[in-house]
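The values are calculated or read from the model by the stated rules, or taken from the named source; none is laboratory data. Small disclaimer: the values here were computed from a predicted structure and weren't measured. Here the Cβ positions follow ideal geometry from the backbone for every residue, glycine too, while neighbour counts run over all protein chains shown. Protein only, heavy atoms only, side chains kept; ligands, DNA and RNA dropped before computing areas. Shrake-Rupley method; radii C 1.70, N 1.55, O 1.52, S 1.80 Å.
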Amino acid sequence: MAAQERQSEVLAEVVQVAHAAGAAAQKWFGRVNPTQKADGSLASEADLEAEAYLMEHLGKLFPGDEICSEETPQHRCVGTGRVWSLDPVDGTHNFIAGLGVWAVSMGLLEHGRPALGVVYSPPLGLTFAAERGAGAWLNDQKLAAVRSHPMERNDLVGINTDMPDWLPRLPGKCRNLGSAALHACWAATGVFRAAFFHNWVLWDVAAALCLAGETGVETYWPDGQVMSSLEDMEVSERQGLLVMAPPALAAPLLAEIQAAR
């Protein structure tokens, strides 16, 4: 299918839902009363209100779809149906601390494959959107494929917090900005030359997986296998290492990882 120049009606509707959920969260910025969850992470009124909005409106738009969100996790596999994986406020700790690097993340999986994704960051004014086979957008700009060239010392690399000791030394400058969804989007659009995720959950990257698929950026397991079907993945189970990068750049990075392991 040739990539479309304009977003489909379905994708545009999901973008509108993301914007409204982001507005619902944004009104809590700077005045939340956080609570600690069982796993030690934090949640706030913003997470809960944005999640309630997402679940209500996605339920109306797509009444036959299943929805799994960070604040109401389920214990089940992705399977072959249509499953939304949501993070209503990705970057909650940033949000609570008053740092404006956070986003609403909405990813649709169909037959175990990323089918649609929207990541919206109200404070940054960024909307990443993609639909499988139809293209990807940053705000209203259609995105081209990410070009690959060897990593240089001033290139940016996204790394989240809980990284293994054997991660190879990288020639670029490592950045942890506190939002896995935005890290993945910046890798998928070439802002980050690569991104490494460890101890991640599906809702961290589900939306950006579709974006990456439309810009020529691949997602790899540490053994070098490209992430393909997610049918057997537990929707709320933490995972090991994931690498997101253009294929030509990923090969040497993965070789170093495999040698170190």
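See the values below:
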item	result
Lys27, Lys60, Lys37, reordered so the largest accessible area comes first (probe 1.4 Å)	Lys60, Lys27, Lys37
Mean shadow area of the range 196-241, taken as a quarter of the surface of its Cα convex hull (nm²)	3.2 nm²
Spacing of the two label points (7 Å from each Cα toward its C-beta) at Ala144 and Ala248, in nm	1.4 nm
Separation of the Ala52 and Ala260 label points, Cα + 7 Å toward Cβ, nm	4.4 nm
Thr80, Thr219, Thr189, ranked by accessible area, largest first (probe 1.4 Å)	Thr80, Thr189, Thr219
Accessible solvent surface per residue of the chain, calculated while the other protein chains remain in place, 1.4 angstrom probe, Å²	44 Å²
Theoretical gain in end-to-end length, Thr72 to Lys27 [0.36 nm per residue, Cα-Cα removed]	14.0 nm
Nitroxide proxy distance, nm - points 7 Å out along Cα→Cβ at Gln225 and Asn154	4.0 nm
Largest to smallest accessible area among Thr72, Thr35, Thr92 [probe 1.4 Å]	Thr35, Thr72, Thr92
Reach of Lys142 by Cα under 15 Å, taken over aspartates and glutamates that are not fewer than 8 positions away in the same chain	Glu5, Glu131, Glu214
Counting all C-alpha pairs of the chain, share separated by more than 28 Å (%)	29 percent
Helix-derived mean residue ellipticity, 222 nm - over the chain, DSSP H n ≥ 4, -39500 (n - 2.57), to 500	-9500 deg cm²/dmol
Sequence-separation-based contact order of the range 1-109, relative, with Cα cut under 8 Å and 6+ spacing, percent	25 percent
Area accessible to solvent at Arg132, 1.4 Å probe radius, in Å²	80 Å²
Taking the chain and dividing mean pair separation by its residue count, relative contact order in percent (alpha carbons under 8 Å, at least six apart)	19 percent
Longest exposed-site-free window of the chain, the sites being GluC sites (Glu not before Pro) in a DSSP loop that have at most 10 other C-beta atoms within 10 Å	6-151
